[in-house]
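Chemist: Have a look at this one.
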Amino acid sequence: LERLVARGLVMLSGVTPSDASHVLGRLDSWDAAASEKALRLMGRRRNARGERIAPDPALLAQQIVDQLTAQTVDCLLEAAFAEEPAFQGEEPQALARHGLMRAGLGQHRGVIEISARLGIPVVGLGASAPSYYGAVGERLGCEMILPEHAGVANAIGAVVGMVSQRVTGLVSSPGEGRFTAHLPGGLQTFPDRDAALEAMQAALVAEASARARAAGAEDLRVTASSDIREALVEGRSMFIEATLSVVASGRPRIARGT
């Protein structure tokens, strides 16, 4: 397997929350059996105490979804505290994670009773909204609005405003002094890192521009970004991989009658 990875013929991938949702039966967009196998393999890995992460895929899937719910709750609370005039000057992140806030969300009852909830509704958008955001609304004690077409709601702005096409590409290093650009037309290896990055970006610009024009955009504006991963090995900076992203955007072409 390592040889196949080194040659760029196999790419490593990881478990995602969508895989967890497939295992729990909340999504049916791809092969649920493949997702279950991925979580089963991940569950066999051991934590810092030497114990397996999870005994079965369903338990690990629920842990992943629970973690996603907790992080989403924290993000919404941070945004709410940042907009709340009564807490100006305070750190939203610290307030969102404060022990009293967590106790209030859990409706703590004891010598002291604490209750807290989000005071406004939340609209969940995106393909994953029905899978995750119901639990987020319950945790925050607020109304969670899930539109019928939440899965495509995020795309409305692009349709009525700008047409955008994003493409991404990978440059990996199968060995020292070798840099492989995973081009749309196939793999190409370079002896120089910058040459591989330039070739990858040029290919992505061409691909994104072609897709944007095919989608009806004109007067394109192209932006590029890169995420380069390096590691320090024996005092030397070693290239691991780079992910490049290119976005081509333009106003929709106006149809004119003849």
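Only the coordinates and a few stated rules stand behind these numbers; no lab work does. Quantities reported herein were computed from a predicted structural model and do not represent experimental measurements. Glycine gets a Cβ as well: all are built from the backbone with ideal geometry, and neighbour counts include every protein chain shown.
Chemist: Roughly what angle does helix 193-214 make with the longest principal axis of the chain, taking Cα atoms, 0 to 90 degrees, to the nearest 10?
Modeler: 80 degrees
Chemist: Then there is this: Take 75, 142 and order them by how many other Cβ atoms sit within 10 Å, fewest up front.
Modeler: Listed from fewest to most nearby Cβ atoms, that is 75, 142.
Chemist: Compute the relative contact order of region 17-118 as a whole-number percentage, counting only Cα pairs closer than 8 Å that sit 6 or more residues apart in sequence. Working shown, then result.
Modeler: Values: 103 pairs, mean separation 18.0, N = 102.
18 percent.
Chemist: Can you tell me the dipole magnitude for the chain around its Cα centre, using point charges on the Cβ only (Lys, Arg +1; Asp, Glu -1), in Debye to the nearest 20?
Modeler: Details: 26 positive and 29 negative charges, 119 e Å.
Around 580 debye, computed over the chain.
Chemist: Non-local amide H neighbours of residue 190 (under 5 Å, H modeled in plane, Pro and chain starts lacking H): which ones?
Modeler: 179, 180, 181
Chemist: Hey, another quick one. Of 200, 164, 137, which is farthest along the charge dipole of the chain in the positive direction, counting Lys and Arg as +1 and Asp and Glu as -1 at C-beta?
Modeler: 200
Chemist: Shifting gears a bit: Multiply the residue gap between residue 226 and residue 3 by 0.36 nm, knock off their C-alpha separation, and tell me the result in nm, one decimal place. All intermediate terms of the calculation are to be shown ahead of the outcome.
Modeler: Details: separation 223, 0.36 × 223 = 80.28 nm, distance 2.63 nm.
Using 0.36 nm per residue and subtracting the Cα-Cα distance, I get 77.7 nm.
Chemist: While we're looking at this one, here's another question. Output the relative contact order of the chain, whole-number percent, from Cα pairs under 8 angstrom with separation of 6+ residues. Spell out each step's value before the answer.
Modeler: Values: 397 pairs, mean separation 33.3, N = 258.
Over the chain, the number comes to 13 percent.
Chemist: If neighbour count is taken as other Cβ atoms inside 10 Å, put 168, 16 in order from fewest to most. Could you put the intermediate results ahead of the total?
Modeler: Values: 168 16, 16 13.
Ranked by crowding around the Cβ, least crowded first: 16, 168.
Chemist: Still on this structure, I have one more. Is it possible to state the helix-based mean residue ellipticity at 222 nm for the chain, with each DSSP H run of 4+ residues giving -39500 (n - 2.57), the sum divided by total residues, to the nearest 500 deg cm²/dmol? What is it?
Modeler: Values: 10 runs with 106 residues, N = 258.
That comes out to -12500 deg cm²/dmol.
Chemist: Among the GluC sites (Glu not before Pro) in region 82-141, which ones are in a DSSP loop with at most 13 other Cβ atoms within 10 Å of the Cβ? Mind listing them?
Modeler: Counting only loop positions with at most 13 other Cβ atoms within 10 Å, the GluC sites (Glu not before Pro) in region 82-141 are 90, 113.
Chemist: Mind checking which of 48, 206, 94 has the largest fluctuation in a GNM of the chain, springs on alpha carbons under 10 Å?
Modeler: 48
Chemist: Could you list the residues of region 11-48 with an amide nitrogen less than 14 Å from a label point located 7 Å from the Cα of residue 59 in the Cα-to-C-beta direction?
Modeler: Once the point is set 7 Å along Cα→Cβ of residue 59, 40-47 turn out to lie under 14 Å by backbone N, inside region 11-48.
Chemist: Another question, then. Taking the number of other C-beta atoms within 10 Å as the exposure measure, put 149, 22, 98, 182 in order starting with the fewest. Don't jump to the answer; show the numbers that get you there.
Modeler: Working: 149 9, 22 24, 98 15, 182 19.
Fewest-to-most Cβ neighbours within 10 Å comes out as 149, 98, 182, 22.
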